[in-house]
Amino acid sequence: MKKINVKDMGKKFLVGLGLSAFILGIGGATYADSLKERQAKEIEQRLVLNQASKNGLKLISSEEAKEIAIKTAEINSTEVQYIKVKLEQEDDYKIVKGKKIQYVYEVEFLHNGFEYDFDIDAETKEVLKSKVEPWND
């Protein structure tokens, strides 16, 4: 019969417990960081929408921008794997069709091994840019 050294088992347990706490601590920091990043993005979006409203502009919602992009890509929305929608106040689009573009939704999503990228005018709903590239996991 093999002898069990309780002291060694206790030390191994404490080392394992300490390592687990360290790993969980790192994961917690990562989660907290991603939560803060998400909150910062939400605040930024609210600020952009407030600025547009103060300028007397009526913008489409992020949900509408997403629907426009998916419809333009001729894809069923249930087949989209990941989607990112961001409203930005643009400097890149100066004048399109005699109108200054100020607010643009950037919509990105994955479908069937491809990454789709759209820029949509947040006032007129017009697709300003579309791009499709292969996507690797």
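The values are calculated or read from the model by the stated rules, or taken from the named source; none is laboratory data. Here the structure is a predicted model, which means the values were calculated and not measured. Positions of Cβ are backbone-derived with ideal geometry, glycine not excepted, and every protein chain shown enters the neighbour counts.
Data table
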| read-out | value |
| --- | --- |
| Members of region 126-137 found to be outside any strand (DSSP E or B) and surrounded by 14 or more Cβ atoms within 10 Å (Cβ to Cβ), listed by number | E126, W135 |
| Some residue of region 85-108 being at pLDDT 90 or above, farther than 26 Å from E37 by Cβ and not in a strand (DSSP E or B) | no |
| Some residue of region 26-33 being modelled with pLDDT of 80 or more, of a type in the set (F, W, Y) and surrounded by 10 or more Cβ atoms within 10 Å (Cβ to Cβ) | no |
